[in-house]
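One structure is given here, and the rest of the page talks about it.
The values are calculated or read from the model by the stated rules, or taken from the named source; none is laboratory data. These figures come from a predicted structure and were not determined experimentally. Using ideal geometry, Cβ is built from the backbone for each residue, glycine included, and neighbour counts are taken over all protein chains shown. Side chains are part of the model used for accessible areas, which takes the heavy atoms of the whole protein and leaves out ligands, DNA and RNA. Shrake-Rupley method; radii C 1.70, N 1.55, O 1.52, S 1.80 Å.
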Amino acid sequence: MGRHWPFVGRERELAAVRKALDDGHLIGVVLVGPAGVGKTRLARAVADRAEAAGAAVRWVMATRSASGIPLGAMGQLLASWDGPGSHSAHLLPHAARHLVEQAGGRRLLLAVDDAHLLDATSAALVHQLAVTGAAIVVVTARTGVTVPDPIFALWKEGLAERIDIHGLARAQSDDLVRQVLGGQVDGATLHHLWELSLGNMLFLRELVEGGLASGALDDDDVWRWNGPLVPSPRLTELIDARMGSLEADEQAVLELLAFGEPLGVDTPERIVDADALAAVERKGLIVSERLDRRVELRLAHPLYGEVLRQRTSPRREKTIYRQLAEALEASGVRRSGDRLRAVTWRLAAGLPTDAEMLRVAAESTMKVDYGAAERLARAAVEQGGGYAASVVLGQVLIGLGRSAEAEELFAGLWFREDAPERRTQLAVTRVTNLYWGLGRPARATTVLRDLGPDLASSTPELSALEAALFSPSDGAKQALELAENVDHPDGTVDATRLQALAVATAALRRAGRYDVTARVAARTEEAIQASPSPLVLTAEWAALQLDTGRCEAHVFTGRLDEAERLAQEGYRRAVADGHATAKALYAGWLGVTAGLRGTMRTSLRWLRDATAGLRPDELPLLAVLWCEIIQSAVAVGDLEPVPNATRQLQRVLSEGGNAYAPWAGLAPVWTAVAGGRFAEAERACLACADHAERDGLLPAHLVALHPAVRLGTRVPVAARLVAAAADADGALAVAFIDHARAFAAGDAAELDGVAERFAGLGTILFAAEAAAQASNVHRAHGGRGAGNASALRARQWAQNCEGARTPAIADLDSASELTRREHEIAALAASGMTSRAIAEQLVVSVRTVDNVLHVVYNKLGLSGRRDLGTVVIGGVRGLSE
């Protein structure tokens, strides 16, 4: 059974219809547009509103089968009419009078769907009703076809307003899919559905319904399309009806384009008759476009190709590829792109192919289709492509998120190659994959050491890598020098040096050297923009790493606007290019940025998008993203994602060697907060900080210590923050330190100042928390007025945090009532713990617990334990400890 499809995205068209119908000089509207764009749905919405206002609505559905019968379309409306024959001069006025009488004194609205299929007499009757003002007419007609003269006359003579209906815009399409599915939808899936439907509502509906029926569209926390499109029978029938009856040569033209588009016109002309090309173009099934001196052909809609490819047998498919390859070669391979396409087609046809050309084709195809690139690269290796083909295959595997397979392949090459230049290039590629793809910096340093001291420092890129991995202060200088020389004298970018910079800056970010990352990324972006030729794939991957690294640098230095802008641009590119790993990285940084802003529900949405469909070993950053999901979920009290996020985090860590593993220690912090176990949360903060310090991961070290301040712990962390951030760049680390110092000193004025600084950095939730803490300190020292002012600021900031309710924010609700100890005991009681269990956990007496609870009840006006969960944060059942 299909889902409910709401009527959305037509506000502008509805307004135009209402304006036309309110015009005293018009008696109707003609809605004109391509099939499937929603003309009928819009007409029904107009008719429904008119009927609700008291009009008598009559529907006419014109069909091709009734188009040759006089009044065939009107048969149902005139079934009880005993009027003059079809040749009578009084036919039309009598029929019109009958319809008006049937309305019973109400205003008649006649809705005619597919008016281009009306028989001549029915069309004349519609015109008669309009001319005499006997009825309001709402008519739909398809573009690109001839409509009966009386219908054309409606807008030609100014009786009705013609309103052109177009397909849904991208944003409208996305919104409709979300409403239908009733949940979050992966960004790549929304893009996929848009590209296939191109705003056609009918096609969009069949794609979604077909995906649901086949299981390709699956809800695993986030709705996501898995696997290739297999057109449903209903969608196939719709496309068949759209394409109509085809001659053999016309079918052949469409098949050639389905497997080869876009095609220069001379390629199909060598295979099929030119008349067939002209015929399918007249039918609107293909489109032609002039590009310089070349005319290219494409199918008129992407779904035509999907349906044609699905029904083509493997034998016929090979024949088509052979025809395409031979025709292209016969017409002269004049462009580099043509040569690569010919090689791809020859391989698909089972024809002999050159290993080097297969390698080049694989490298080129990686930018648009990793699956096809893997087939080409493996064929190149099998046909003796040697070292170069194997390297390309490894790069394809990285692009597919199979970094472990790539490292296995590279390691095999490593022991077979002794040429210094190749070993250098291979070392940089391996280090990049190990460090960035697998998150194993220790193994990456081993690869560098295996080169030996002479070779390891023999090139600028290896020197920069070695310095960054072993000495961040020297590494910063050498990375900047390497960035200045990343391009050759001819302006092309050196791929090996770009890779080295990507890893070097990643190592420097672990040490908090964010400004170096930003400067290197800016310099390399200049070089890439100025390069006269496109980047090879290894350089593209390195550029991605530098770009997402710049997002990270902006995030942890408090430049959130810059981080968000870069990540948004990167996300749009990645989705359009079908680059799953890049899309996950950019979405992840958008989620982290939103979390720092305090917009926790937005953060959750981006983080779910980032993690959707990724394997645990596919991206080391997943350790950060799953922890961020837990934090954001706890902050807004939506604990449903927490158990799954915890399981996924454990799966990521089970792969071993993850460079971001210290972040995992933040998960217990927030699960403890969710259960009201603040002492446990404090211990988890310190344990996480210890792990990060041992691993030399400064961002995790800082981010682990600051929650201890946010939670109001009295554990002294200010000195540790100062020591950890000694070499860190950016204002956010300074704000963390000042927050810790002000809270430890109980300095309300300083806390107010820190809150303002956090707000200036865009970290609004931190600002609200610091202001809430300032309010408590003010009141504790008798400054009720100042406390109220701080609380007011805190509440104002908290209103922008999408319902975030951290312990400091929760204190605003009872800032003058509960102490931290009272809140902790109340939260534990609200979670269902007995007084004895609470006493054992907090190492106090049962009598103390009961006395504190009685104080809490009196302060909050509660009758007992059963009411605690409604007012105390942490009183949440169902979360596994």
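Sort 826-832, 478-484, 133-139 for me by packing, meaning the mean count of neighbouring Cβ atoms within 10 Å per residue, highest on top. Each step should come with its number before you reach the end.
Numbers: 826-832: 24.3, 478-484: 19.7, 133-139: 22.4.
Highest to lowest by the protection proxy: 826-832, 133-139, 478-484.
Tell me what the chain gives for mean residue ellipticity at 222 nm when only DSSP H runs of n ≥ 4 count, each as -39,500 (n - 2.57), the sum divided by the residue total, rounded to 500 deg cm²/dmol. Don't jump to the answer; show the numbers that get you there.
Working: 44 runs with 550 residues, N = 881.
Mean residue ellipticity at 222 nm (helix-derived): -19500 deg cm²/dmol.
What distance in nm lies between label points placed 7 Å from Cα along the C-beta direction at residue 747 and residue 687?
That separation, rounded to one decimal, is 3.3 nm.
Largest first, what is the accessible-area ranking of 369, 149, 729 with a 1.4 Å probe? Present the calculation step by step, with values, prior to reporting the outcome.
Values: 369 70, 149 120, 729 30 Å².
Sorted by accessible area, descending: 149, 369, 729.
Mind checking the full-extension length gain between residue 369 and residue 312? Use 0.36 nm per residue of separation minus the Cα-Cα distance, one decimal, nm.
In short, 18.4 nm is gained.
Using a 1.4 Å probe and ignoring any ligands, DNA or RNA, find the accessible area of residue 71 and quote it in Å² to the nearest 10.
For residue 71, solvent-accessible area is about 30 Å².
May I ask you to give the solvent-accessible area per residue for the chain, in square angstrom, as obtained with a 1.4 angstrom probe?
Here the per-residue accessible area is 42 Å².
What ranking of 203, 259 comes out by heavy-atom accessible area, probe 1.4 Å, highest first? Spell out each step's value before the answer.
On the way: 203 0, 259 25 Å².
The ordering from most to least exposed comes out as 259, 203.
May I ask you to list the trypsin sites (Lys or Arg not before Pro) in the stretch 374-433 that are in a DSSP loop and have at most 12 other Cβ atoms within 10 Å of their Cβ? Numbers along the way, then the final one.
Values: sites: 375, 378, 402, 416, 422, 423, 430; in loops: 402, 416.
Loop-located and lightly packed - 416.
Tell me, what is the 1.4 Å probe accessible area of residue 201, in Å² to the nearest 10?
30 Å²
So how compact is the stretch 212-308: Cα radius of gyration and Dmax in angstrom?
16.1, 52
With the dipole of the chain worked out from charges on the C-beta (+1 for Lys and Arg, -1 for Asp and Glu) around the Cα centre, which of 410, 389, 668 lies farthest toward the positive end?
With unit charges placed on the Cβ atoms, the residue in question is 668.
Go through 62-69, 661-668, 222-229 and give me the packing order, highest mean Cβ count within 10 Å leading. Present the calculation step by step, with values, prior to reporting the outcome.
Details: 62-69: 14.4, 661-668: 23.0, 222-229: 17.5.
Top of the packing list down: 661-668, 222-229, 62-69.
Give the separation of the Cα centroids, the stretch 95-133 to the stretch 294-325, in Å.
That distance is 46 Å.
So what is the diffusion coefficient of the stretch 81-168 in µm² per second by Stokes-Einstein at 10 °C and 1.306 mPa s, using a Kirkwood Rh over Cα pairs? If you can, show how the numbers build up before the last one.
Numbers: Rh = 13.8 Å.
D, rounded to a whole number, is 115 µm²/s.
Quick one: Cα centre-to-centre distance for the stretch 337-390 and the stretch 792-851, in angstrom?
63 Å
Testing the spin-label approximation: label points 7 Å from Cα along Cα→Cβ at residue 41 and residue 156. State their distance in nm.
Those two pseudo-labels are separated by 3.2 nm.
When a/c is below 1.5 the answer is rounded, else prolate if a/b is larger than b/c, else oblate, so apply that to the stretch 651-691 with a ≥ b ≥ c taken from the square roots of the Cα gyration tensor eigenvalues. Before the final figure, lay out each step's value.
Numbers: a/c = 4.02, a/b = 1.89, b/c = 2.13.
The shape class here is oblate.
Would you mind classifying the stretch 691-736 by shape? Square roots of the alpha carbon gyration tensor eigenvalues, ordered a ≥ b ≥ c; an a/c under 1.5 is rounded, otherwise it is prolate if a/b is larger than b/c and oblate if not.
Numbers: a/c = 1.80, a/b = 1.28, b/c = 1.41.
Here the stretch 691-736 falls in the oblate category.
Using the alpha-carbon centroid of each, what span in Å lies between the stretch 637-679 and the stretch 14-61?
Their Cα centres are 55 Å away from one another.
Quick one: in the stretch 90-131, what % of C-alpha pairs are over 17 Å apart?
Values: 259 of 861 pairs.
Considering the stretch 90-131, 30 percent of its Cα-Cα pairs are separated by more than 17 Å.
Rank 23, 727 by accessible area, highest first, at a 1.4 Å probe radius?
Values: 23 60, 727 110 Å².
Solvent-accessible surface, decreasing: 727, 23.
In this model, which of 39/583; 367/477; 19/39; 19/156; 39/156; 19/283 are farther than 26 Å apart at the alpha-carbon? Display every interim value, and only then the final one.
Working: 39/583 35 Å; 367/477 33 Å; 19/39 17 Å; 19/156 18 Å; 39/156 20 Å; 19/283 35 Å.
In this structure, 39/583; 367/477; 19/283 lie more than 26 Å apart at Cα.
How large is the translational diffusion coefficient of the stretch 298-400 in µm² per second when you combine the Kirkwood radius over alpha carbon pairs with Stokes-Einstein at 25 °C and 0.890 mPa s?
Answer from the Stokes-Einstein relation: 171 µm²/s.
For every other residue with a beta carbon closer than 13 angstrom to the beta carbon of residue 235, add +1 if it is Lys or Arg and -1 if Asp or Glu, then tell me the sum. Please list the in-between numbers first.
On the way: positive: 205, 234, 242, 311; negative: 206, 209, 237, 240, 306.
Computed value for this residue: -1.
Which of rounded, prolate, oblate describes the chain, given a ≥ b ≥ c as roots of the alpha-carbon gyration tensor eigenvalues and a/c under 1.5 marking rounded, otherwise prolate only if a/b is larger than b/c? Mind dumping the intermediate values first?
Numbers: a/c = 2.74, a/b = 1.31, b/c = 2.09.
Because a/c hits 1.5 or more and a/b fails to exceed b/c, the chain counts as oblate.
For the stretch 542-651, max minus min Cα coordinate along each principal axis, in Å, sorted largest first?
Here the spans come out as 35, 28, 21 Å, largest first.
Rolling a 1.4 angstrom probe over the protein chains, ignoring ligands and nucleic acids, what is the accessible area of residue 57 in square angstrom, nearest 10?
The value for residue 57 is about 20 Å².
I need to check one value: relative contact order of the chain, counting alpha carbon pairs closer than 8 Å and at least 6 residues apart, in percent. List each step's numbers first, then the result.
Values: 1418 pairs, mean separation 58.3, N = 881.
About 7 percent, as a whole number.
Considering only 551, 603, 579, whose Cα is most displaced toward the positive end of the charge dipole of the stretch 495-603, charges sitting on Cβ of Lys, Arg (+1) and Asp, Glu (-1)?
So the residue furthest toward the plus end is 603.
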